[in-house]
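J.: Have a look at the structure that comes next, please.
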Amino acid sequence: MAINLQKGQRENIDAPKFTIGLGWDTNSSTTGTSFDLDASVFMLDENKKLVSDEHLVFYNNLKSPDEAVEHTGDNLTGDGDGDDEQIKVDLTKAGSKVSEICIVVTIHDAENRRQNFGQVRNSFIRIFDAVTNEVVLKYELEEDFSIETAIEFGRIYKRDNKWKFEAVGMGMKGGLQDYLNKYQ
């Protein structure tokens, strides 16, 4: 049975292999331009810095060098129900330097399109067993991010050799660049 998390809540991840599903709905009628939201994964060391440039997994780099994280591809529209983008994770393959995995969603070309997460609703992150499709945990972002163009949905981190998930729900208004500046 799935555990529904609140912002800031943490939960153990007992299965080393799982899929992260990310979903959202957009109000394209408010700007007249369609939205393109993109999931990115930052694989960080103990100093909260990218292990290497190749440890940023996104639509232009679909797999980490250790093959622990694999992005299944960019969904350009976000139409339909369910997950809009997915990331496969195998923690047994994570390199010894990886101590944290941050999952961020950004709005592509947000500034030019005058878009922000205030125009996005029903956002969620879920972790599920890829074999059984059983949802392990889910976090629904309920805040109004009226100026933010990038949001860290959640993070997976290692404590005492155990992996945990934290529901983060924290936004930035500088898009993906803000997270690059933070983690490089």
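The values are calculated or read from the model by the stated rules, or taken from the named source; none is laboratory data. As the structure is a computational prediction, the values presented were derived from the model and not from experiment. Here Cβ is always computed from backbone atoms with ideal geometry, including for glycine, and neighbour counts include all displayed protein chains. Surface accessibility is based on the protein's heavy atoms, side chains included, excluding ligands, DNA and RNA. Shrake-Rupley method; radii C 1.70, N 1.55, O 1.52, S 1.80 Å.
J.: What's the extension gain from R121 to E140 if we count 0.36 nm per residue and subtract their Cα-Cα distance?
T.: 5.9 nm
J.: Oh, and also: Less than 21 Å apart at the alpha-carbon level, and either on another chain or at least 8 residues along: which lysines does that give for K173?
T.: K173 reaches K7, K48, K49, K182.
J.: Another question about this same structure. To the nearest 0.05, what FRET efficiency results for E111 and E46 with a Förster distance of 45 Å applied to their C-beta separation?
T.: According to the calculation, E is roughly 0.85.
J.: Straight-line reach from K17: which aspartates and glutamates fall under 15 Å, measuring Cα to Cα and dropping same-chain residues less than 8 apart?
T.: Of all the aspartates and glutamates, those that pass the test against K17 - Cα under 15 Å, at least 8 places apart if same chain - are D66, E67, E70, D90, D129, E134.
J.: Note the full-extension length gain between V131 and K162 as 0.36 nm times their separation in residues minus their Cα-Cα distance, in nm to one decimal.
T.: Using 0.36 nm per residue and subtracting the Cα-Cα distance, I get 9.0 nm.
J.: Just the accessible area per residue of the chain, please: how many Å² with a 1.4 Å probe?
T.: Roughly 51 Å² per residue, with all protein chains present.
J.: Explain nothing, just compute: Karplus ³J(HN,Hα) = 6.51 cos²θ - 1.76 cosθ + 1.60, θ = phi - 60°, for every residue of region 113-120 in order, whole Hz, x for Gly and Pro.
T.: Result, ordered by residue: 8, 6, 10, 8, 6, x, 9, 10 Hz.
J.: Can I ask one more? With viscosity set to 0.692 mPa s at 37 °C, what whole-number translational diffusion coefficient in µm²/s follows for region 68-176 from Stokes-Einstein and a Kirkwood radius over Cα pairs?
T.: 216 µm²/s
J.: Still on this structure, I have one more. For the chain, what does -39500 (n - 2.57) per DSSP helix run (n ≥ 4), summed and divided by total residues, give at 222 nm, in deg cm²/dmol to the nearest 500?
T.: Helix contribution divided over all residues of the chain: -1500 deg cm²/dmol.
J.: Where the centroid of each part is defined by its Cα atoms, how far is region 41-69 from region 126-150 in Å?
T.: First find each Cα centre; the distance between them is then 20 Å.
J.: Specify the longest stretch of the chain that does not include any exposed loop site, a site being one of the trypsin sites (Lys or Arg not before Pro) with a non-H, G, I, E, B DSSP assignment and at most 16 other Cβ atoms within 10 Å.
T.: Within the chain, the longest run free of exposed trypsin sites (Lys or Arg not before Pro) spans 115-172.
J.: Another question about this same structure. At 1.4 Å probe size, with no ligands or nucleic acids counted, give the accessible surface of W163 in Å², nearest ten.
T.: Probe radius 1.4 Å; accessible area of W163 about 30 Å².
J.: Counting only protein heavy atoms and using a 1.4 Å probe, what share of the accessible area of region 1-145 belongs to carbon plus sulfur, as a whole percent?
T.: 42 percent
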